[in-house]
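Here is the structure we will look at, set down as structure tokens.
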Amino acid sequence: MTVVAIDGPSGSGKSTVAKALANQLGWAYLDTGAMYRAAAIWIDQAGALDQPDRMAALIEQMPLEISLDPVDQRFYLDGVDITDAIRTSATSRVVSKVATNIPSRHVLVAKQQQLAAANAASGIVVEGRDITTVVAPDAAVRILLTASPEARLRRRALEQHGQADSAAIAATTDEVIRRDRDDSTVAQFMDAPPGVTLLDTTDLSIEEAVAAALALVEQA
Ligand code: DC
């Protein structure tokens, strides 16, 4: 199976590196965090964000289509393009309600495993928080990307506010730190378990991080 599994906390560079890696290899790419985000939108539309017992059944029925293109991955919910909606801060604020709901995780993990298996023959890079450990523990290459908390906050602030001054970092802190804390109660993504290569991107440029990931794929 040619699956590359990449985990890491917010701001570790995992999306950027995973996309660039898939693009260079000519492989498919799956952003599993976006699937949690799509599920949050779907559950919100059903008015069930505060009804944890309904979430998994709703996600089972979720009509989600995903293009696995690393250059322009798009998400369609019931035929509607929600690619931009999944990135809004409104979605970011509520997504942990789904990500910390264990029955919902089981449904989403099964969907992710189906997508990985269906694309393994031609190659796929799957990125998230529990990919190396839960979704694809048998992947040919498993990488945990990390970066110092300061670097992660700086990157997210730049991404969301276009700058990394102290006000932008303060505005980003709650989202990054709180979400990692909430999510780490259900997914282990801070330490590399045996067989998973730790790649610290704190002092690496994007190009250097991608080159390091590519070297790991070529070694495998
Ligand atoms: O990486 P992201 O911010 O788009 O992830 C959205 C949310 O889903 C975030 O709360 C982390 C969570 N997540 C998860 O629990 N497991 C995954 N495989 C991917 C994301």
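Screening ARG142 on (1) of a type in the set (Lys, Arg); (2) at pLDDT below 95; (3) buried (at least 18 other Cβ atoms within 10 Å of the Cβ) shows it passes everything except condition (2). Against the list (1) more than 22 Å from THR173 (Cα to Cα); (2) of a type in the set (D, E, K, R); (3) surrounded by 22 or more Cβ atoms within 10 Å (Cβ to Cβ), the condition ASP7 fails is (1). Looking at LEU158, LEU145, LEU108, just one residue is closer than 21 Å to ALA215 by Cα and either near the ligand (Cβ under 10 Å from one of its atoms) or of a type in the set (A, V, I, L, M, F, W, C) (or both), and that residue is LEU145. Here the range 82-115 is the region considered, the condition is being loosely packed, with under 15 Cβ neighbours inside 10 Å and of a type in the set (Gly, Ala, Ser), and the residue that is nearest to ILE59 (Cα to Cα) is ALA110. Take the conditions (1) open to solvent by less than 10 Å² (accessible area, probe 1.4 Å); (2) among the hydrophobic types (A, V, I, L, M, F, W, C); (3) within 10 Å of the ligand (Cβ to nearest atom); ALA48 misses just one of them, which is (3).
Among the residues of the range 1-40, those identified as of a type in the set (Ser, Thr, Tyr) and either within 10 Å of the ligand (Cβ to nearest atom) or closer than 17 Å to THR132 by Cβ (or both) are THR2, SER10, SER12, SER15, TYR29, THR32, TYR36. I'm checking my understanding of the structure. Among residues of the range 10-45 that are among the aromatic types (Phe, Trp, Tyr) and outside any loop (DSSP other than H, G, I, E, B), which one is surrounded by the fewest Cβ atoms within 10 Å (Cβ to Cβ)? So the residue we want is TRP42.
Within the set GLY79, GLY123, the sole residue that is away from the ligand (no atom under 16 Å from the Cβ), modelled with pLDDT of 95 or more and crowded, with 18+ Cβ neighbours inside 10 Å turns out to be GLY123.
The values are calculated or read from the model by the stated rules, or taken from the named source; none is laboratory data. Source: prediction; values computed, not measured. Neighbour counts are summed over all protein chains in view; Cβ atoms, including those assigned to glycine, are modelled from backbone coordinates with ideal geometry. Each accessible area value is taken on the protein alone, full model and side chains, heavy atoms only, with ligands, DNA and RNA left out. Shrake-Rupley method; radii C 1.70, N 1.55, O 1.52, S 1.80 Å.
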